[in-house]
Amino acid sequence: MNPSRFVLAAGTAAASVLLLSGPAFAHVGVQPVGQAAQGGYATVNVKVPNERDNASTVKVEVNFPLDHPLASVMPQPVPGWKVEVTKSDLDKPLTLHGKQISQAVSKVTWTADGSKIGPGQFQQFPLSLGQLPEDTDQLVLKAIQTYDNKEVVRWIEEQKGTEEPQNPAPVLKLSPAGEDHHGAAATSAAPSASVSASADAKGAEGASTETAAASSTDTTARVLGGAGIVVGIAGVAFGILAGRRRSA
């Protein structure tokens, strides 16, 4: 095969792979900050990248499923964006903290108000969610992205099988209720730290006792040594005096 043709074919194939794989990394997504456990509360970021080179994103709409309703969806203010929370009536009321709730958040909409998501940029929109459902391991949050050239991209396709759709809907994965490895690690580490501290304290106490004993022994030896010297001097003086008396 001609080397130049081989290089051209390889380059074309590589470019095709990049073109096909590029959009998969740039779709609207939702990411938990920390853990999103079933039955609990979580903070998440709706991440919105701009896929266009000649337009800016000016509106983002995220829809929440009413078959797994959330009683509380609170957006964090984002400078340069207005936010609107829409609620809808539920066919079956929720019970939260002993209260009946007949409405749930069905949509949150951010609209540019002095800011935009320009080409080559992304923006995160934080949300506080709760109480998360206990009867599912994920929430599909369908999103709609609007550009300033009036183009609308609908991120609403749910994944079927292993192949990712062209415009996949954001999915929030939920971990099993009560799963907290960090808490378990902290709990198990506490006794070890306590035992270690106790051992250090005992070691320090033992060292202090040994030091005191050594000091006492050293003092006693010095006292006895001094007494022996005094007795010795007294004995020599007594012997000299006795000798003089005999000579006299």
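The values are calculated or read from the model by the stated rules, or taken from the named source; none is laboratory data. Owing to the predicted nature of the structure, the values given are computational and were not obtained by experimental measurement. Note that each Cβ is placed from the backbone with ideal geometry, even for glycine, and that neighbours are counted across all protein chains shown. To get the accessible areas, we keep the full protein, side chains included, count just its heavy atoms, and leave off ligands, DNA and RNA. Shrake-Rupley method; radii C 1.70, N 1.55, O 1.52, S 1.80 Å.
Overview of results
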quantity: Selection within segment 114-152 - more than 29 Å from Gly34 (Cβ to Cβ) and not small (Gly, Ala, Ser); calculated: Lys116, Pro119, Thr146, Tyr147, Asp148, Asn149, Lys150, Glu151, Val152
quantity: Every pair of residues 6+ apart whose Cβ atoms lie under 8 Å, when the first sits in segment 78-105 and is under 17 Å from Pro133 (Cα atoms) and among the hydrophobic types (A, V, I, L, M, F, W, C) while the second is part of a loop (DSSP other than H, G, I, E, B) and modelled with pLDDT of 95 or more; calculated: Ala104/Phe64; Val105/Phe64
quantity: Output for segment 60-69, where each listed residue is under 19 Å from Trp155 (Cβ atoms) and buried (at least 18 other Cβ atoms within 10 Å of the Cβ); calculated: Val60, Glu61, Val62, Asn63, Phe64
quantity: Strands (runs of 3 or more DSSP E) completely within segment 117-188 that count 1 or more residues being surrounded by 13 or more Cβ atoms within 10 Å (Cβ to Cβ), modelled with pLDDT under 95 and under 19 Å from the mean Cα position of the chain (by Cα); calculated: 122-130
quantity: Lys82 vs. criteria under 26 Å from the mean Cα position of the chain (by Cα), open to solvent by 30 Å² or more (accessible area, probe 1.4 Å) and among the basic types (Lys, Arg); calculated: no
quantity: When residues of segment 106-134 are limited to those that are without any contact (Cβ under 8 Å) to a residue 60 or more places away in the chain and of a type in the set (Gly, Ala, Ser), the one farthest from Gly40 (Cα to Cα); calculated: Gly114
quantity: Hey, Thr12 polar (S, T, N, Q), at pLDDT below 95, over 27 Å from the mean Cα position of the chain (by Cα) and more than 28 Å from Leu174 (Cα to Cα) or not; calculated: yes
